[in-house]
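In what follows, a single structure is set out as structure tokens and then discussed.
The values are calculated or read from the model by the stated rules, or taken from the named source; none is laboratory data. Because the structure is predicted, anything quoted here is derived from the model rather than measured. FYI the Cβ positions are ideal-geometry reconstructions off the backbone, even for glycines, and counts take in every protein chain you see.
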Amino acid sequence: MERTKQIQIFANTDPKARRYRFLSGAMFCLEGTIGASKSTTGESLEYRLNKLGINAKYFPEYKNNEYLGLYLKPSDDEEDPNKNMKNRAFGFQMVMLIKRFQIYREAWEFAKKGGTSIIDRSLPGDYTFAFMLMKAGFITEEEWEVYMKTLTTEVKDCPEPTFTIYLDVTPENAYERMKLRGNQSEIDGYTIEYFQDLEKTYKKTMKQVKQPIIYFDRNPKLELTPEGRMPNSLCDDLLDAVIDKLYFEGTTKLNKKTDAKKNGY
């Protein structure tokens, strides 16, 4: 039997580019506690996808270090060291929520044009921080009603992301990584107890969210390139797991915790 001869008509295509082109038009979020390497992951995935010819854009979290410093600054009141956070908790969380909606809508417009949007933290994360403060008594019941009304009203115009990647890290590791990045306001304002409560509340929120979620173990130390990015192999491990989950296992299985060893983490 004569073997069919192969001919090359199109330009050579990287097998990974062929595989990841399914992500064109997708919008996905990176969730996880402070110190979970969301920024590093987002920047690395953006770089990797663009190098493969896939138009991707990373949308970082809104940051205002001066405002954060005021919010986290310990009070001079010895009887109430959290007085500053209590006074500013509602205003700070409302600013973050409104900014989050702006970023989310920008990411959605980019995805509608065929791009791949990568969002650093999204609405479930904001809800987690605000809910924690409300439970601690830093946000009043009246303020909470305003916060939830704003959230539920604005979210009507926001389609759910294609999927969410939750970067899972222990409170102890997250706390140490937070200190290593050197933001003095965070170092002075956060405690290990805060991180423990945050991780517990965050995971409870993610279980309540009705959207595809993929979990990755981020406890092992990342070996970064000289440019500060994840190596291509790690980016590909993560993207391969996402593609497998989305297109080969179906969205009904996405809340099952991903095997860390299988995905190279």
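Data for the structure
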{"quantity": "2 or more residues closer than 28 Å to Val242 by Cα, hydroxyl-bearing (Ser, Thr, Tyr) and touching a residue at least 60 places away in the same chain (Cβ under 8 Å): qualifying helices (runs of 4 or more DSSP H) within segment 53-140", "calculated": "123-135"}
{"quantity": "From Arg88, Arg121, residue being within 18 Å of Gly42 (Cα to Cα), charged (D, E, K, R), in contact with a helix residue (DSSP H, G or I) (Cβ under 7 Å, 6 or more places away or on another chain) and surrounded by 17 or more Cβ atoms within 10 Å (Cβ to Cβ)", "calculated": "Arg121"}
{"quantity": "Matching residues in segment 27-52 - criterion: being in a loop (DSSP other than H, G, I, E, B), in contact with a Lys or Arg (Cβ under 9 Å, 6 or more places away or on another chain) and closer than 24 Å to Phe101 by Cβ", "calculated": "Gly32, Ile34, Ala36"}
{"quantity": "Answer residue from segment 47-102, given it is of a type in the set (Ser, Thr, Tyr) and out of contact with any strand residue (DSSP E or B) (no Cβ under 8 Å at 6 or more places or on another chain) and is modelled with the lowest pLDDT among those", "calculated": "Ser75"}
{"quantity": "Selected residue [at pLDDT below 90, within 28 Å of Val155 (Cα to Cα) and exposed (fewer than 13 other Cβ atoms within 10 Å of the Cβ)] from Lys221, Lys210, Lys204", "calculated": "Lys210"}
{"quantity": "Selection from segment 36-45 of residues that are crowded, with 21+ Cβ neighbours inside 10 Å and more than 11 Å from the chain's Cα centre (by Cα)", "calculated": "Ser44, Leu45"}
{"quantity": "Sole residue being more than 16 Å from the chain's Cα centre (by Cα) and at pLDDT 90 or above, chosen from Tyr247, Tyr147", "calculated": "Tyr147"}
{"quantity": "Hits in segment 164-215 (condition: assigned to a strand (DSSP E or B), of a type outside the set (Asp, Glu) and either in contact with an Asp or Glu (Cβ under 9 Å, 6 or more places away or on another chain) or without any contact (Cβ under 8 Å) to a residue 12 or more places away in the chain (or both))", "calculated": "Thr164, Ile165, Tyr166, Leu167, Ile213, Tyr215"}
{"quantity": "Selected residue [within 21 Å of Ile213 (Cα to Cα) and surrounded by fewer than 20 Cβ atoms within 10 Å (Cβ to Cβ)] from Glu160, Glu109, Glu145", "calculated": "Glu160"}
{"quantity": "Sole exception among (1) modelled with pLDDT under 90; (2) on the phi > 0 side of the Ramachandran plot; (3) not acidic (Asp, Glu) for Gly228, by number", "calculated": "(1)"}
